[in-house]
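One structure below.
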């Protein structure tokens with residue numbers, strides 16, 4: 001009898017060990033990509049998937065396999081930036097900088113406290129430290145782009161001042177604002193441009209602009225569905241203003257050709273406000289907006305160059 005129980009206990013132990021081994025194997029970490037000396041694993045992509053869905057809940061409405069493809073592109077972009085940043089900065093060193101960056105981020109999501117943000121992230125099995133590392137990379141990347149390209153930004157103050165006066169003279173103190181999203185893509189030639197545009201338009205219809213931006217956009221705004229927030233009419237460049245002027249809420253523009261690629265704009269909302277205009281203040285904002293627009297184009301060009309020069313391999 002004792003021997004029977006011993007054998008039964010032994011067999012149960014073996015069964016338990018096999019079950020544990022299968023569980024370990026099913027969660028095995030595998031290397032998918034190598035970029036220079038950095039590796040990207042299936043776990044990294046899973047984490048990026050959760051991060052993206054936390055930023056953009058619309059992603060939950062499309063197939064998980066498709067979101068994984070978006071996550072792959074996103075994490076590859078982050079690693080390429082990280083490799084470049086490590087040539088100039090020591091990452092994870094300034095905890096106060098990271099804390100302030102995280103705070104600005106969660107307030108932009110209308111979350112009022114770190115505790116509330118922590119609770120929100122826990123729904124996606126994420127920690128504030130995970131998000132902090134990603135936000136630090138984006139913040140330092142913007143700082144690096146500024147340091148490298150700020151002197152190349154072309155700002156003709158007289159021309160901008162005249163353009164702003166012209167825009168404001170037609171407004172009768174009515175300030176028009178647009179809530180916009182963007183999708184920036186590149187094509188090698190006209191044929192590829194048309195094919196890419198038609199494919200993107202098809203996806204916009206099927207899965208929505210935000211999800212299409214996650215999938216195709218090369219702009220940093222891709223992670224949050226292309227959203228760039230409320231933009232004053234007076235801050236828009238003439239070419240973009242002309243393209244969206246007659247668009248209704250929910251409509252998208254035709255292709256807008258800019259220095260860094262081909263741009264599609266979606267008008268999410270429009271509002272008008274009667275205000276007392278401080279011209280000098282508006283001019284400062286107009287100049288800042290134009291500076292940031294040019295820096296964003298330099299950012300994309302810079303990234304594409306270092307990506308091309310990266311030692312990239314798929315495992």
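Coordinate-derived values only; no laboratory data. Treat the numbers as computed from the prediction; the structure is a model and nothing was measured.
If you fit an axis through the alpha-carbon atoms of helix 279-309 and take the longest principal axis of the Cα set of the chain, what angle between them do you get, 0 to 90°, nearest 10? The angle comes out near 40 degrees. Along its first, second and third principal axes, ordered by size, the range 154-309 spans 45, 35, 26 Å in Cα coordinates. A full extension of the chain between residue 34 and residue 309 corresponds to an added length of 97.6 nm, given 0.36 nm per residue minus the alpha carbon distance.
Would you calculate a helix-derived [θ] at 222 nm for the chain, using -39,500 (n - 2.57) for each DSSP H run of n ≥ 4 and dividing by the full residue count, to the nearest 500? Write out the running numbers ahead of the final one.
Working: 11 runs with 183 residues, N = 315.
For the chain, the value works out to -19500 deg cm²/dmol.
Rounded to the nearest 10 degrees, the inclination of helix 157-169 to the longest alpha-carbon principal axis of the chain is 80 degrees. Annotation: average projected area of the chain is 22.8 square nanometres, based on the convex hull of Cα atoms across all directions. Helix 190-207 axis versus longest C-alpha principal axis of the chain: approximately 70°, rounded to the nearest ten.
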